Amino acid sequence: MTSGVATARSGGVGASGAAIVGLGVTDMTRHRYDVTALDLAAEAIKLAMDDCQLPKTRLGGLLVNGNMMSSEVRNDLQDALGLTDLTLLNTMSAGGATAGSMVQYASFAIERGLASVVALVFADAPLRKGTGVADSRYGIPKGAGPGFEGLARTYGDRGQASIRYALAASRHMHLFGTTSEQLGAIAVAQRGWAALNPWAQMREPITLEDHQASRMIAEPFRLLDCCLTSNGAVAVIMASADAAKDLPQPPVFVRGVGQGHPGDPGRTGRDFGIHTGAVQAGKEALRQAEIGLEDVDALQIYDSFTYTVLTTLEDYGFCAKGEGGPFVADGRLGVGGSLPCNTGGGQLSGYYAWGFTPLSEGVVQARGGAGERQVPNCDHVMVSGSGGFLNYHSTIILSRTEGSGARGASG
Amino acid sequence: MNEERLVQRPSPTPDLESQPFFDAASRSELLVRACPACGAFAWPVAGFATCQVCWAHGLEWTRASGLGVIHSFTRVHSVPKDDDPAWAPFLLGVVELREGIRTQIIGLLPADDGHVAVGDPVEVVFHPTREGVIVPWFKVTSLTAGSVGA
């Protein structure tokens, strides 16, 4: 059979499901100030194309994760990379849920024969030399606008993500008795994984006491409940499942992708931040993959803050709503635990690339190439993305095995 | 929380859209939005005057009770470099109003004895800010100190 990859940039109708065939992650163990996000995007895509040993002329599609400022890396990346005659191009934006949406869109395009090889990329460079994270582009805008925006500034709200997630976590604590120590167990478990990941920024092990001693940011969050900030980029290359079998890396099949966006009209009766879109997205992704929670070998859960992991575990159904605290407190998420979660350290300890952090580690684990931190017999990896402030959610099932349906995200 | 510090907070600058809200605050009245078509209430959001329930355009201002309960809150422990370091720690929260809507993130004040918890009843209070504009805060009502807390 002639695969789309071998001959043309459009795949041919009736292609099999989609797979991830290439991965590129820039070095985020050190802060790089000498490059722009655009340069980092190019570097990651080059690494990913080298990984699957495809020339740039084979790229038919490019999907860009719109970053914080939504201006630095967009469709103009095509020209920066000298890519001509693409048949798929878009900048997509659902915050940390975007990676899943991009994988879904690329899967559709590949399955419908609209493009045979598609690059997906996240790149950002918020950190500036000589200043701390608080002065990065993820920091505080200088000067608020008039009117209601000015009023927020009067109160001391400058749009900090920590405040918004803290409000959700605080309510969870009120409703269910969740504790800071339980949130801390997530941070400790992930640092344990990061210690085994040469790509991780923070590899020094921490204890629950370290977590409790870290400075308070916005209650209940301490410093060690918060994600890192990184200058870096991650790219993945997708192709049809058939084409993937002829490429050098072990194929990672996209067995299912779901989205869930519950909305927050701000009215009585909605309990925003307690139930997230993970409820719908997780169910849908598992349905497409024709597997159950018990089949999931590793979890890569979006971790803007520790709480994001806790509520997502509940919403996926690994435990009942409200039981996330005791569920994570026994260490099951960590190295040697029964539910390996964020096995590269996640964004709390690994590197901060939005939905591409869990996605990249999902690919590494499904390939079986995670070295010291490899989850044994890892077939199915459940990957989540969460965007806005728990507003948007996507779930991907990545698998080493193709599955009987072999229809990928269209399942 | 030191209520004497409120007068040192930077004032918002009322614009065309928010002027009625701040004018009312100077009279110790809290305004919210109401839909002229279906009557649904809404907390005012900058740049948007369409009813989220029936999609009628042209939300109007209406006086709210100023009473509600704390849906959630956080004590924030640091301020940006260009803000007053003495302001931290301060309280921000979301209030569920008697009108059946929730506020955006808003400034909270604890009860006089310092009590604050999710579920506490609150009432709107008005304080002048640094440049003189009077703005609303929600304060835990003293009656509830010791009520079921977080």
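The values are calculated or read from the model by the stated rules, or taken from the named source; none is laboratory data. Computed from a predicted structure; not experimentally measured. For neighbour counting, all protein chains shown are included, and Cβ atoms are generated from backbone atoms with ideal geometry for every residue, glycine included.
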Study note, to complete from the structure: Those residues of segment A:345-398 that are within 10 Å of the chain's Cα centre (by Cα) and among the polar types (S, T, N, Q) come to a total of 7
Point to revise | Sole exception among (1) surrounded by 16 or more Cβ atoms within 10 Å (Cβ to Cβ); (2) facing another protein chain (nearest Cβ under 7 Å) for B:Asp82, by number | key: (1)
Review point. If we keep just the residues of segment B:106-118 that are farther than 18 Å from A:Met173 by Cβ and of a type in the set (A, V, I, L, M, F, W, C), which is nearest to the other protein chains (Cβ to nearest Cβ)?
Key: B:Ile106
Check your understanding: closer than 21 Å to A:Ala106 by Cα and either part of a loop (DSSP other than H, G, I, E, B) or touching a residue at least 12 places away in the same chain (Cβ under 8 Å) (or both): does that describe A:Pro265?
Key -> no
Point to revise | Enumeration of residues in segment A:383-404 that are in a strand (DSSP E or B) and either in contact with a His (Cβ under 9 Å, 6 or more places away or on another chain) or of a type in the set (D, E, K, R) (or both) | key: A:Ser384, A:Gly385, A:Ser386, A:Gly387, A:Tyr392, A:His393, A:Ile397, A:Leu398, A:Ser399
Review point. Applying the selection to segment B:67-77, what residues are facing chain A (nearest Cβ under 8 Å), surrounded by 19 or more Cβ atoms within 10 Å (Cβ to Cβ) and either within 10 Å of the chain's Cα centre (by Cα) or not hydrophobic (A, V, I, L, M, F, W, C) (or both)?
Key: B:His71, B:Ser72, B:Thr74, B:Arg75
Check your understanding: Being basic (Lys, Arg) and either at pLDDT 95 or above or in contact with a Cys (Cβ under 9 Å, 6 or more places away or on another chain) (or both), is that true of even one residue in segment A:185-192?
Key -> yes
Study note, to complete from the structure: Filtering segment A:244-259 down to residues that are outside any loop (DSSP other than H, G, I, E, B) and either crowded, with 22+ Cβ neighbours inside 10 Å or acidic (Asp, Glu) (or both) yields A:Ala244, A:Val252, A:Phe253, A:Val254, A:Arg255, A:Gly256, A:Val257, A:Gly258
Practice item. Please enumerate the residues belonging to segment B:1-18 that are closer than 27 Å to B:Val79 by Cα and not charged (D, E, K, R). Key: B:Met1, B:Asn2, B:Leu6, B:Val7, B:Gln8, B:Pro10, B:Ser11, B:Pro12, B:Thr13, B:Pro14, B:Ser18
Practice item. Consider B:Leu108 carefully, then state whether it is surrounded by 19 or more Cβ atoms within 10 Å (Cβ to Cβ), in contact with a helix residue (DSSP H, G or I) (Cβ under 7 Å, 6 or more places away or on another chain) and closer than 22 Å to A:Thr268 by Cα. Key: no
**Study point:** Selection count where residues are more than 14 Å from chain B (Cβ to nearest Cβ), buried (at least 16 other Cβ atoms within 10 Å of the Cβ) and either touching a Cys at 6+ places or on another chain (Cβ under 8 Å) or not charged (D, E, K, R) (or both), scope segment A:276-318
**Key:** 29
Practice item. From B:Gly132, B:Gly114, B:Gly93, grab the single residue that is buried (at least 21 other Cβ atoms within 10 Å of the Cβ) and either at pLDDT 95 or above or of a type outside the set (Asp, Glu) (or both). Key: B:Gly93
Exercise for review: Name every residue in segment B:16-40 that is surrounded by fewer than 20 Cβ atoms within 10 Å (Cβ to Cβ) and either of a type in the set (Phe, Trp, Tyr) or at pLDDT below 95 (or both), in order of residue number.
Suggested key: B:Leu16, B:Glu17
Check your understanding: Just checking, which of B:Arg63, B:Arg98 is surrounded by fewer than 19 Cβ atoms within 10 Å (Cβ to Cβ), within 10 Å of another protein chain (Cβ to nearest Cβ) and of a type in the set (D, E, K, R)?
Key -> B:Arg98
Practice item. Look at segment A:204-223 and say how many of its residues are more than 14 Å from every other protein chain (Cβ to nearest Cβ), surrounded by 18 or more Cβ atoms within 10 Å (Cβ to Cβ) and not β-branched (Val, Ile, Thr). Key: 1
Practice item. Could you tell me which of the residues A:Arg164, A:Arg171 is within 9 Å of chain B (Cβ to nearest Cβ), surrounded by 21 or more Cβ atoms within 10 Å (Cβ to Cβ), within 20 Å of the chain's Cα centre (by Cα) and in a helix (DSSP H, G or I)? Key: A:Arg164
Practice item. Would you confirm whether any residue within segment A:192-209 is touching a helix residue (DSSP H, G or I) at 6+ places or on another chain (Cβ under 7 Å), over 26 Å from A:Gly325 (Cβ atoms) and basic (Lys, Arg)? Key: yes
